[in-house]
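The values are calculated or read from the model by the stated rules, or taken from the named source; none is laboratory data. Bear in mind that the values here come from a model prediction, so they are computed numbers and not experimental data. Cβ placement follows ideal geometry from the backbone for every residue including glycine, while neighbour counts extend to all protein chains displayed. To get the accessible areas, we keep the full protein, side chains included, count just its heavy atoms, and leave off ligands, DNA and RNA. Shrake-Rupley method; radii C 1.70, N 1.55, O 1.52, S 1.80 Å.
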Amino acid sequence: MSLPKPVMRGLLAKRLRFHLPIAFTLSIVAALMFKYSVTEPRKKAYADFYKQYDSVKEYNRMREAGIFESVRPSGE
Amino acid sequence: MLRLTAGRAGSLLARRATAAVTTSGARMSSHGQEVTETVDMSKPMYWDRLDTPLPDRPFKEDLTAADKSLKQKEKGPWGQLTKEEKIALYRLMFCQTYTEMKQPSSEWKTVLGGIFIFLGLTGLVVWWQALYVYPPAPRTFDHEWQAKQLKRMLDMKINPIEGFAAKWDYEKGQWK
């Protein structure tokens with residue numbers, strides 16, 4: 001009935017040695033995935049939109065549609 | 001004589017209270033054993049629980065002469081106890097075995113049924129409310145108004161890059 005003495009110390013250190021590298025890698029991977037699947041496409045979408053954007057033309061279109069209260073469509 | 005003093009009124013009330021108690025006492029005795037058993041929680045209690053295996057007291061405390069002789073035999077070497085004696089000793093100490101405690105019951109059917117009944121009743125109440133309690137909806141809920149609102153949002157180009165107006169095809173006049 002003489003069992004070997006169980007490990008009493010260093011249990012947290014042992015767990016951290018195993019889990020910390022995994023945790024850090026997974027976090028970095030998650031961040032990279034978010035960057036390249038969300039933020040880069042979003043930046044590109046905004047850049048493309050504003051490359052072809054004519055603000056005066058848009059303003060006139062909106063004015064004719066009658067959404068402004070300060071300036072009515074040119075017909076009235 | 002015409003005005004009751006506080007003391008006299010108090011004694012009258014007391015007499016009325018005792019009269020009520022005695023009549024209810026008479027009523028109780030005519031009913032028989034309808035009074036629920038009270039547990040004295042200041043003494044060690046017995047329980048059958050999966051998570052707390054050893055109760056504070058044995059199950060059977062008032063032992064018959066046979067039980068007492070069995071308990072005496074238990075004080076000796078246990079190898080001399082027969083299988084039935086060991087089981088009898090277990091049943092003296094505990095009411096239910098773990099297997100008996102773990103037996104599934106049909107309680108979940110009652111619970112689920114009760115839940116659905118009350119959900120149904122609540123549904124009826126809500127329906128009645130919608131019919132008789134709610135005021136008329138605001139004009140912004142009309143289909144016409146909502147269509148005009150949608151057109152205005154598209155004219156304003158709400159979120160034209162990734163959101164609302166980005167999904168509308170302005171040349172064809174339809175959703176992408």
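Of the residues that make up the stretch B:97-113, is at least one over 30 Å from B:ARG49 (Cα atoms) and surrounded by 10 or more Cβ atoms within 10 Å (Cβ to Cβ)? The answer is no; no qualifying residue exists.
Each row is one residue, and each column tells you yes or no for (1) hydrophobic (A, V, I, L, M, F, W, C); (2) within 31 Å of the chain's Cα centre (by Cα).
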{"position": "A:LYS5", "(1), (2)": "no, no"}
{"position": "A:LEU11", "(1), (2)": "yes, no"}
{"position": "A:LYS14", "(1), (2)": "no, no"}
{"position": "A:ARG17", "(1), (2)": "no, yes"}
{"position": "A:SER27", "(1), (2)": "no, yes"}
{"position": "A:ALA30", "(1), (2)": "yes, yes"}
{"position": "A:SER37", "(1), (2)": "no, yes"}
{"position": "A:GLN52", "(1), (2)": "no, yes"}
{"position": "A:PHE68", "(1), (2)": "yes, no"}
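Those residues that are loosely packed, with under 10 Cβ neighbours inside 10 Å and farther than 17 Å from B:ALA166 by Cα, I need them from the stretch A:38-56; list them, please. Once the filter is applied, which keeps residues that are loosely packed, with under 10 Cβ neighbours inside 10 Å and farther than 17 Å from B:ALA166 by Cα, the stretch A:38-56 yields only A:VAL56. Applying a threshold of 9 Å to beta carbon distances and a minimum spacing of six or more residues, or different chains, the list of pairs starting in the stretch B:55-84 at a residue that is open to solvent by 100 Å² or more (accessible area, probe 1.4 Å) and ending at one that is among the β-branched types (Val, Ile, Thr) and not in a loop (DSSP other than H, G, I, E, B) is empty.
All conditions in (1) within 18 Å of B:LYS157 (Cβ to Cβ); (2) more than 11 Å from every other protein chain (Cβ to nearest Cβ); (3) of a type in the set (Phe, Trp, Tyr) hold for A:PHE34, with the sole exception of (1).
Out of B:GLN146, B:GLN129, B:GLN174, which single residue is at pLDDT below 95, more than 13 Å from every other protein chain (Cβ to nearest Cβ) and more than 20 Å from the chain's Cα centre (by Cα)?
Values: B:GLN146 fails: at pLDDT below 95; B:GLN129 fails: at pLDDT below 95.
Within the list B:GLN146, B:GLN129, B:GLN174, the selection yields B:GLN174.
Are any residues in the stretch A:61-76 of a type in the set (Asp, Glu) and within 10 Å of another protein chain (Cβ to nearest Cβ), and if so, which ones? Let's see the steps before the verdict.
Going through the stretch A:61-76, the residues of a type in the set (Asp, Glu) turn out to be A:64, A:69, A:76.
Once the filter is applied, which keeps residues that are of a type in the set (Asp, Glu) and within 10 Å of another protein chain (Cβ to nearest Cβ), the stretch A:61-76 yields only A:GLU64.
State which residue is farthest from A:ALA65 (Cα to Cα) when the search covers only the stretch B:149-165 and only residues that are among the aliphatic types (A, V, I, L, M) and facing chain A (nearest Cβ under 8 Å). Write out each step before concluding.
Pass one, the stretch B:149-165, residues among the aliphatic types (A, V, I, L, M): B:150, B:153-154, B:156, B:158, B:161, B:165.
This time we only want the ones that are facing chain A (nearest Cβ under 8 Å), so: B:156, B:161.
On the way: B:MET156: 9, B:ILE161: 20 Å.
It comes out as B:ILE161.
Taking the stretch A:45-60 as the search range and keeping residues that are closer than 14 Å to B:LYS157 by Cα and acidic (Asp, Glu), which one is farthest from the other protein chains (Cβ to nearest Cβ)? Only one residue fits best here, namely A:ASP54.
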